[in-house]
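Before any comments, here is the structure.
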Amino acid sequence: MIHIDAIKQALGISGILTQESSFYKKKDNNIPECQIDMLIERGDNAINICEMKFYDSAYVLTDDSVNKLQAKRNIFQEVTKTKNQLFLTLITANGLTNSKYNMLIDIHIDANVLFNQLNF
């Protein structure tokens, strides 16, 4: 969350009022446990569901990892009853490998972009 200004700039939403938080839902009888790294609730009736992946090399999206991300989105929507548009947003330390599953993620941000914006 300390890099939220750079993340918002990379998303192209730096001029939109936002509220940032995380999300956790304990398992109950009907809904499995769910943890979301960061939510960016936006003044334009959209929410970025941000998943952070910090690996030494490019992250590989698989059928299983995409299914887990989509399940998180679905659980969040079911629990909160939000009507806002939801964007699956993946933030990786070293980019993504080419995969047929990449198109199932709405937005990808490479942390190198964030650090360049912060002038490190």
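The values are calculated or read from the model by the stated rules, or taken from the named source; none is laboratory data. Remember, predicted model here, so these are calculated numbers, not experimental data. Virtual Cβ from ideal backbone geometry, glycine too; neighbours counted across all protein chains shown.
Numbers at a glance
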{"item": "Any pair with Cβ under 7 angstrom, 6 or more apart, that starts in the range 61-90 at a residue that is under 16 Å from Asp28 (Cβ atoms) and ends at one that is surrounded by 13 or more Cβ atoms within 10 Å (Cβ to Cβ) and of a type outside the set (A, V, I, L, M, F, W, C)", "result": "Ile75/Lys25; Val79/Lys25"}
{"item": "Residue that is farthest from Met103 (Cα to Cα) [pool: residues in the range 54-84 that are in contact with a strand residue (DSSP E or B) (Cβ under 8 Å, 6 or more places away or on another chain), of a type in the set (Val, Ile, Thr) and part of a loop (DSSP other than H, G, I, E, B)]", "result": "Thr82"}
{"item": "Residue identified as part of a loop (DSSP other than H, G, I, E, B), under 20 Å from Lys8 (Cβ atoms) and either of a type in the set (S, T, N, Q) or at pLDDT 85 or above (or both) among Asn119, Asn98, Asn112, Asn94", "result": "Asn119"}
{"item": "Enumeration of residues in the range 15-28 that are more than 22 Å from Asn67 (Cβ to Cβ) and surrounded by fewer than 13 Cβ atoms within 10 Å (Cβ to Cβ)", "result": "Gly15, Leu17, Gln19, Ser21"}
